[in-house]
Structures are given as structure tokens and as C-alpha cells.
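Shown next, in C-alpha cells, is the structure this report addresses.
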Amino acid sequence: MFSAEQSCWFIRKVICWRAAASIAWAVLLLPPSTAIFVFLSKFSVLHPIQTISECFSMLTSATAIFSFILLCGVIIMVGFLNFEYYTVIPTIACSKIALFGQLLHPRQLVNSLVHCIMGMIVAWCSAVTIGFRYETLGHPCAQTDGYHQMCLNEYHLILLLGGAFVGFSHSLLGVIHNMNYVSFHTVQQYKYLRFKGCLPLVVRCSATQALYSVRNFIVVYYFLGHIPRTWICKTLNLHLGSSAHPLDSIAGLLDLSLLYHLWISATFLLFTWYIMLLLFRIFLTEGYSFPVQSSFTEDADHCLPKVLTEKQPMLLKFLALQDLALLSQHSPLRRCEVFSLSQPGGHPHNWNAISKECLSLLADLTQRLVAYHDTVATNGRAKSLSSGSERKTSSETSGTEDFMSPRPTAFMKTPASVFARSIAGGQQSPLTAPFTPDLDSPFMSPALRRLAAPVEQGSPWYGTVQSPHIMRRVPKLWSTSTDSQVNGSPPPSPASVPSDKQEPSKPSFLAQFLQNRREQVKNFLAKRVLIVYLFNKLPEASSQALFADSQAHIWALEGLSYLVQASFSEDQFGVVQTTLPSILSCMLVLQEAVDRHFKLPHASSKPVRLTSSMGDSTYKTLRFALRATLKTAIYRITTTFGDHLNAVQLSAEHQKRLQQFLEYKE
């Protein structure tokens, strides 16, 4: 764990000042953003001069100043939440149920509630700024007994609810798209240039996300808008106005002016929050130069070899590894400090600490890759064996056990059709023998006994192709003929006698049992599909989670390889040569593990990059960057040392693999 003194040093002198600087710049950028929003909300093509005068009068009013103070408070709160929830290692949900767990976490629920409140505050400021029909929640609508009744201004209410909905959506999308993830750019840029390059992306993402949020809010308000409207009226003792088209109707929601103001307010809300997020990322990932060694003992904990070995906070470790990668490439003076010997004693403490920590990181990643590959292989073998045993078991079971198993092919035919074919085929067909009903069974219905009973030899139906439908009609024809003879009327022919409606016969116990079993199987399969959907692994998610912190390993590889390359001409004492076999072995083992991982399904498929979201998706491609960096690092060492590497003590397998790099065959 990180000690309290060191943690206070780093948080007090680095992180807090950077977070405060990002908040200050976001507040300074708030007046021009507000001015642009006021101009766009009041713009009129027919009256441009009047629009400009109204904007100036609005920006200098007391209401605008109070709204600006509220917006500053919201920006400070957003910056505090960014500081509280940021992470340099993204949290990747490997299944739908894991994602639901993140969304329903109590910490996330509090975050969503706070964003709802802040969204409503920004929406109120927007409504007051726009003015006109959006300015107040209530307005006088009628006069009874000399008193004015206050009616609800639904336009103001829908703007407030829209802001709360946009804030809630922003909070949920922050979890889904990992907006709290802070990534480090490969190319170091000045803060102004980076902000200038990302500003068009912020505008585009704000407008696009606001459009989607307004669309979803309109649908929700159409179905559920009467609930908050009625509650507000009862709570504040307001009356509903006699509007021709309520806003929770199609005619009310198709107001183009209302839709435009909803969209422009949501865009302004998201733009201010995204600007805060962008500035926080830029300031937090700015490079920090750690001293390699210090002449004072009280500053020893601030030096690079000591900082690299710490685990918390992770931002400190990432900044230290970034500094190591930069000094190994661009700082010859600091490299000499890494290769120097301690006085007195003459020990390479700096190099030993740095190389040990980098090799430990690479070895840890190798172990994770090997364990993941073994787990996948074990699951595959267990799955194949279990499926084979299931097939063997199913072939040995009886017909009743096969029928009870939840396989959909066993229920493709109804029991009635099965028994009909078994009766029509008679006892001479061996294929229908297993389906012939047991006449002596106590569960057999009388109707089924009459149908399945053998035909007597003297019957006119003996020896003919019998049908159960004809056999059902025979008693009805005979009974009709008998009744006619009793009444004295001549017996009509069978063709002229209309068939009476049959009363629906009660299904047999066996048919009911089979129907119930079929319904149970359907319910079981539906639940199983839902469970599989929730708990099944998402494509590429496991691989992305495995390489979620690979940015640290990329910097470790770059730092080690550049230092080894520079040691060929700068290492006067040969301190690197003592650990060169360990470095090469560690890299070659990691190369083998990475190659095995990329042979797995979904590991080599590149994800689609989202361009309409402020969520940083660079973590999805970290495994490809690591593979390229690893191969480049090995080639950097082999091209520098060349045939001198043949004298390095390595295993036969590693020597053979290294020879492939020496011959440029990898």
C-alpha cells in the first residue's frame, strides 16, 4: 500500500492542483459558452438586430448573473465527480449481468441522482435564459372571487424534466462507455494544442448525444408525462391550463420551437460537462518528470526507482512508467544516472530497481495470459466430454426418458396424430408398435378404447383401410337412423343427413399430461435463453479485460528496450549486461504467450471505434498495441547487438526463437 506521507505528497502537489486547474479553466470558458447559447436560443432570422439587443440585455441582467453562479457551482461539482470516479484502468463488464451490476451499484445510483439534480439546475438556468413561455413554472390563468388562479406552465416543466433525463442518461452512458477512464496519448502535445484538436469532437458529441437524449425523452414523456405533471399540480396547488394540445400528446410534442429549445438546452448542458471532462483528462495525463536519484534522503521517496515499486495510486505508477519510457528515448543525461553506480559501494541500485519492476510487470502479464489460455482449453475439453457423455446417455435411455428430456425435437408432433397413425397402421406395422396405447391401462379413456379396439371379422369394416374419423361417424349415423325409424319417418340416406355438432370431448389424462410437459419445457427454454443472454460472455470482453492495464506494460517494454539499446554505447560499467539474459527470456516468453492468445476466437478481431461518444475506447485496442510494441522491442535489441547475442546464455528454445528475430523472419 502507498504510505500516507507519500500519498499526501503526490495528491497534494500533483493531482489536486491539476484537478483545480481543469475546473478553473472550465469556469473561465463558461461565459463564452453561455453567450453562444443565449444567442442561439434567441436567434431570429427576421429580426437579427433585435436578437442581438435582447442577448446583451439578458447577459447583463441580474437573472443571468444568478444563473451563471449556479452554473459555476454545477461545473465545480462535475469536476469533483470526475476527480472522485476517474480511473486509469477501465472496468470492463464481461457479461450483461455484470454491466447491470455496475449500473445498479449504490455508488453509481448516488452518482446518477446527483447528475439528475445538476441536469435540472442547468435546465432551469436555460429556461430562465430563454425566457418567453419557459421562464416560470406557474402563471396566472383565471380570476375567481377577485383572486388569480395559478396554472402550471408545462413548457417550463418539460424543460426541467428534460434536463434531469439528460443528466441521468449521461450518468448511465458514462458507465457503459467508460467515460471515467483516463487514457494516456502516445504522442505528447501541449495542452492548448490538444484542447484545440479535441474541441470539434466535443461539439459533435454534445449535439449528437443531445439529439438522441431528446428523442428518448419525448417518447418517455408521451407515455409517462402525466405522472410528474399531476404530482407537481397537487404539491404546489397549481391548476392545469386549458391548453388545446397538452404536451404529452402527439400534437403537443410536435411543436418545432419546443423541440429546438429542448435540443439546444441539452446540447449546452452536455457541452459544458464534456469540456470539464476533456480538460480534466488533459491536465491529469500531463507528463511528470521524476528525479532518478537525489542527494537528500528526505527526497528519496520521490525518485523514479522508488515510485515505480509503489502500487497506489495507480496514476502515480502510470506517470512514472511514462516518464521512464520518455527518458529512455530522449534524455541521455538521465540515462547516465540510470546506468550509474552508487557511492560508496559501486552497486547499480537504480538499474536494478527499474529493471526488476519492469520484468515483474511483464512476468505478471505472462502468467495471466498462460492461466487464461489454460482455463479456456480446460473448458473446451470439459465441454466436449460432457457433450459426448450426454449423447451416450441419451442413446441408452428409454423412450419415456427421452420424452422427458428438454429437447424441442421430441415435441414436434402432437399425441393425437401419433395415436391416429398407430391406429390406422394396425398391429402389423412394427414402426407404430411403441406408440400403440395400452388398452388395459386404468388411465385409458373409453373413447380411445373404442377407437383402438380390434375390428371383428364379421364387421363390414374388416380388412379395409380404417380411419378414426369414419369410425366416429358410424355411431352417429346409426343413432340417427334408429331415431328416425322410431318416429315413423323413412330413414334418410347417409349423404343427406346433416351431421350434428359434436360436443367437445374432454382430453384424456395422458394428453393433458403431455400438454403440461410441453408448456413446462417451453418455459424452461425461455428462462434458459434469458439466463444465457445475461450470463454469457460478451465477445472480446474477456480479452479486453485481460489487457486492460497493458499501457503500463507497453511503457515497461519501451523503457527496457531503449535502455538496453542505449547501453550498447552509453553503459560504461556494463550494468545492463548482467540482466540481459533475463530481459530477453522474459520478452520471448511473453511473445509466445501473446501469440497463443491471438489464436483464440475474438482475440484478433478489431472492434469498431465509436466516434459519437466522449468515452475513450483506446483500451479496446491495447492488445494490438502491446503485440506490436513487444515485437518492436525485441527487434530493437537484436538489431543493436546483432551476433553478439549468440554469446548470451539462453535456453535452446529461446535461442532458436531469438535466431528468428536475428534473421528477420518473425
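The values are calculated or read from the model by the stated rules, or taken from the named source; none is laboratory data. Everything quoted here is computed from the prediction, not taken from an experiment. Here Cβ is always computed from backbone atoms with ideal geometry, including for glycine, and neighbour counts include all displayed protein chains. Ligands, DNA and RNA are stripped out before the accessible areas are found, and what is left, the full protein with its side chains, is counted by its heavy atoms. Shrake-Rupley method; radii C 1.70, N 1.55, O 1.52, S 1.80 Å.
Net charge within 13 Å of L247 by Cβ-Cβ distance, Lys/Arg positive one each and Asp/Glu negative one each, not counting L247 itself? Net local charge, L247 excluded: -1. Along the charge dipole of the range 9-285, pointing to its positive end and built from +1/-1 on Cβ of Lys, Arg, Asp and Glu, which listed residue (F10, F132, G162) has its Cα farthest out? So the residue we want is F10. 3J(HN,Hα) couplings calculated from phi for the range 155-164 with the Karplus curve 6.51 cos²θ - 1.76 cosθ + 1.60 (θ = phi - 60°) are, in sequence order, 5, 5, 5, 5, 6, 5, 5, x, x, 5 Hz; Gly and Pro show x.
Ordered from highest to lowest accessible area with the whole protein assembly present and a 1.4 Å probe, T63, T297, T579 read as T297, T63, T579. Annotation: amide H-H contacts under 5 Å for Q149 (H modelled 1.01 Å from N, sequence separation of 5 or more, or interchain): C141, A142, Q143, T144. What shape does the range 9-285 take by its C-alpha gyration tensor, where a ≥ b ≥ c are the square roots of the eigenvalues and a/c under 1.5 counts as rounded, a/b above b/c as prolate, and the rest as oblate? Prolate shape, in that a/c is at least 1.5 and a/b is the bigger ratio.
The 3J(HN,Hα) values that the Karplus relation (6.51, -1.76, 1.60; θ = phi - 60°) gives for the range 107-120 are, in residue order, 5, 6, 5, 5, 4, 5, 5, 5, 5, 4, 5, 5, x, 5 Hz. Gly and Pro appear as x. With contacts taken as Cα pairs under 8 Å and at least 6 residues apart, the range 9-285 reaches a relative contact order of 28 percent.
Coupling constants for the range 356-372 follow from the phi torsions by the Karplus curve (6.51 cos²θ - 1.76 cosθ + 1.60, θ = phi - 60°), and in residue order they are 5, 5, 5, 5, 5, 4, 5, 5, 5, 5, 4, 4, 5, 5, 5, 5, 5 Hz; glycine and proline get x.
Excluding D595 itself, calculate the net charge of residues whose Cβ lies under 13 Å from the Cβ of D595, where each Lys or Arg counts +1 and each Asp or Glu counts -1. If you can, show how the numbers build up before the last one.
Details: positive: R596, K599, R623, R627, K631, R657; negative: E592, E666.
That sum, taken over residues with Cβ under 13 Å, equals +4.
Would you mind telling me the share, in percent, of accessible area of the range 9-285 contributed by carbon and sulfur at probe 1.4 angstrom? Of all accessible area on the range 9-285, carbon and sulfur atoms account for 72 percent.
Under the simplified labelling scheme, the H349-I52 pair shows an inter-label distance of 7.0 nm, with each label point 7 Å from Cα along Cα→Cβ. Estimated at the nearest 10 Å², the accessible area of W263 is 80 Å² with a 1.4 Å probe. Using a probe of 1.4 Å on the protein chains alone, the accessible area found for V532 is around 80 Å². Measuring nothing but how far apart in sequence close Cα pairs (under 8 Å, 6+ apart) lie, relative to its length, the range 133-221 scores a relative contact order of 23 percent.
In this structure, the amide hydrogen of E286, modeled 1.01 Å from its nitrogen in the peptide plane, lies closer than 5 angstrom to no residue at least 5 positions away or on a different chain. Pairs from the table (K599/K665; K191/K620; K306/K620; K631/K656; K311/K606; K537/K599) lying more than 23 angstrom apart at Cα are K191/K620; K306/K620; K311/K606.
Computed over neighbours whose Cβ is under 14 Å from that of E54, the net charge equals 0, Lys and Arg +1, Asp and Glu -1.
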